1. Which of the helices (runs of 4 or more DSSP H) contained wholly in the range 164-262 include at least 1 residues that are over 21 Å from the mean Cα position of the chain (by Cα)?
2. From the list 253, 203, which residue is in contact (Cβ under 8 Å) with a residue 12 or more places away in the chain and either assigned by TED's automatic domain parsing to the domain that holds residue 301 or of a type in the set (Lys, Arg) (or both)?
3. Between a residue in the range 318-339 that is under 21 Å from residue 172 (Cβ atoms) and touching a residue at least 60 places away in the same chain (Cβ under 8 Å) and any residue that is in a helix (DSSP H, G or I) and of a type outside the set (S, T, N, Q), which pairs come within a Cβ distance under 6 Å, given they are 6 or more apart or on different chains?
4. Return the total of residues in the range 153-177 being farther than 23 Å from residue 215 by Cα and modelled with pLDDT under 90.
Amino acid sequence: MDSKWSPSWEGVSRVHVIPAVTPLSPTRPSLLLRRFCGALLVPVLLAGFLLVAPEPSQAASGGRIGGGSFRSSPSIPRSYGGGGNRGGYGGGFGGGGIGFPFLIPIFGFGGGGLFGFLILMAIVGVIANALRGGGGALQAGGAGGELAYAPRADGPVAIAQLQVGLLATARDLQVDLRRLADSADTGNSAGLQKVLQETTLALLRQPDLWVYANGELGQVPFASAESTFNRLSMTERSKLRSEVTSNVGGQRLSAPSTTAGNADATSDFIAVTLLVASRGRIPLKSVTSAEELREALRILGSVPSAELLALEVIWQPEGQGEVLSTEELLTAYPQLQHL
């Protein structure tokens, strides 16, 4: 083509094409560093989300009924296997040993959250303590080099948490819980089992007022069950401004500055939390519908007194004329599922 422009291009702006410059490729060390940082960022963010607990709403005062004891049964020496050199392991944490059944946790439903995180941390903590203990559960004994194991007689502890958000017109529920707190014997397992039954029955009688619910379940070693239960209890109690009605471990207390009474007419919701620790299995499933909530209440209400280790029933509002709005409910209980 002629280097001069054609007459037909007269008056047209000339555009000089500049050859494209190929960007420099990053060096291999730089690329590896970026990939490493990207891979490291994911677990860091995940841990951050788990550790950040929702801010308590401090919306209203509440009530509390509960109690229990995590007394341990005596250890029972055992030996397994046969022949000259026998060895074995037990199904629990005792004296620093590790039992495989405890390494299979039951993780929570409803999207995890703080409940699942505390359950997981309890298991990790016991495993770490067992590893630091140097395997004290396995001991050599006898002339034949027999390995004997002395596990704790108590098996793993199931911890279940069920939360229900009801329309505030369920004021009969507040009356029932208040009456139960006045009369219940929370100093023994039989009394706690009665509290559990009466509470689940009171909730079962209000199916038309159920709006939100969430069920979570975890299984932890006996050695960490009490501390895990206490942390979960403290998490729920911190959502209350104060405890107006309280009957825990046989001791009845009341807040001197607040009078117990029904929720205000403008209140949207009443929130109830059931926290149960049991020696036996609790076949609790996810709660995403009214029928699943009904089944979950039946399951918790049927936990026998012989297996019931500890119980917490926490509800709000409890102060006379107090309000729990929709925003306050979902802020304090972010794991709730709409039924």
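The values are calculated or read from the model by the stated rules, or taken from the named source; none is laboratory data. It should be emphasised that the depicted structure is a prediction, and the values quoted were computed from it without experimental measurement. Every residue, glycine among them, receives a Cβ derived from its backbone with ideal geometry; neighbour counts consider all protein chains shown.
1. 171-183, 189-204
2. Residue meeting the stated conditions: 203.
3. As it stands, the answer is 339/290, since those pairs meet every condition given.
4. Number of matching residues: 2.
Every residue, every condition in (1) among the aliphatic types (A, V, I, L, M); (2) under 15 Å from residue 242 (Cα atoms); (3) more than 16 Å from the chain's Cα centre (by Cα); (4) not assigned by TED's automatic domain parsing to the domain that holds residue 185, yes or no:
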{"site": "276", "(1), (2), (3), (4)": "yes, no, no, no"}
{"site": "279", "(1), (2), (3), (4)": "no, no, yes, no"}
{"site": "314", "(1), (2), (3), (4)": "yes, yes, no, no"}
{"site": "328", "(1), (2), (3), (4)": "no, no, yes, no"}
